[in-house]
1. Just to be sure I understand the model, the point goes 7 Å from the Cα along the line to the Cβ. What's the resulting residue 171 to residue 312 distance in nm?
2. Of 279, 199, 266, which is farthest towards the positive pole of the chain's charge dipole, taken about the Cα centre with +1 and -1 on the beta-carbons of Lys, Arg and Asp, Glu respectively?
3. Using the charge dipole of the chain (Lys, Arg: +1 at Cβ; Asp, Glu: -1 at Cβ; taken about the Cα centre), state which of 254, 134, 59 has its Cα farthest towards the positive end.
4. Could you order the peptides 261-272, 10-21, 286-297 from most to least packed, using the average number of other C-beta atoms within 10 Å per residue?
5. Roll a 1.4 angstrom probe over the protein heavy atoms and tell me the percent of accessible area of segment 179-267 that is carbon or sulfur.
6. Need one word for segment 182-274: rounded, prolate or oblate. Basis is the Cα gyration tensor (sqrt eigenvalues a ≥ b ≥ c); a/c below 1.5 gives rounded, then a/b vs b/c decides.
7. Could you report the chain's accessible area per residue, 1.4 Å probe, as an integer in Å²?
8. Check which residues have an amide H placed less than 5 Å from residue 106's amide H, if you skip close sequence neighbours.
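The values are calculated or read from the model by the stated rules, or taken from the named source; none is laboratory data. It should be emphasised that the depicted structure is a prediction, and the values quoted were computed from it without experimental measurement. Cβ: placed from backbone, ideal geometry, glycine included. Neighbour counts: every protein chain shown. Accessible surface areas use protein heavy atoms only, side chains included; no ligands, DNA or RNA. Shrake-Rupley method; radii C 1.70, N 1.55, O 1.52, S 1.80 Å.
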Amino acid sequence: MFSIFMADLLPIIVIMALGYASGKRNVFTEDQAKAFNKLVLNYALPAALFVSLVRADRSMLFADMTLTIVSFVGLIISFFVAFYSCKYIFKHTRGEAAVCALIAGSPTIGFLGFAVLDPIYGDTVSTGLVVAIISIIVNAITIPIGLFLLSPAKGENEKGNSGLNSLISALKEPVVWSPILATVLVLVGFKLPAVWDPTFDLIAKANSGVAVFAAGLTLAANKFEFDGEIIYNTLLKLVFMPALLLVLGLMFHMSSNNLQMMVLAGALPPAFSGIIIASRFGVYTRTGTASLAVSVLGFIIAAPAWIFITRYVIGLV
């Protein structure tokens, strides 16, 4: 089992280290690093999100409403726990807290979901169901909420308009409207013609590698300081979120297999989209990137631990 997680995480660690080394050696200028982030945030990530969601089946969303409801409640609670604790405990601004929530309160389900779940639970319909549902919640709900909270409210002096302006600003971002559009297309039963697949796949495949490399560049550009906030963010992601999902799943009497996969999905490292958004807007980059790096390493221990805990609780060991 340990070898499975290392095989999945090794490419992330190596590419992030390569980006970090390149940043430290000044191979790329600050403007070039920003260009990487702009490429991912404006093109590669929206394309990857759109492709991953639009291929979902509408029936999958309603096949297991318990899984959908529990995943939604667990992820939304985790997102806002990260947001409010960052804002009020660590005294950050609303924008910084929003990026913190996108990192500490969102799993990287699109990048690692199938890679982690398939070798353990098999390439089954249930695996695709768990990944699809959590992907939609993270990409079509929490990312737009995070961008809404992060977006500067133009015309804040105009009473009642700040929230509307923030919403409009967020909806203009491709990373927000592309997953929402894909979700709407899934709900209405629209199927993207297969002839378009290569077009979206080509740009979408650039997302993961460039995003991880850019995260390494961002880490190199900021002094790494292992502090209490980084530990707190790591515990939120690797301990609080899967624990909450486990408790909710037991309360709603979820099926054994789906419960195990959902908990393990909740223990995945932070979504790389949060780091890209942090770098793009220059908000919460040092702590956010450091939290990601520590969480990636921590997942090697957290994943087998949560597999054992979940199986023990439901009586399989």
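1. Rounded to a tenth, the inter-label distance reads 4.9 nm.
2. The one lying farthest along the dipole's positive direction is 279.
3. Value: 134.
4. 261-272, 286-297, 10-21
5. 74 percent
6. oblate
7. Using a 1.4 Å probe on heavy atoms only, each residue of the chain averages 44 Å².
8. Hits under the 5 Å cutoff: 271.
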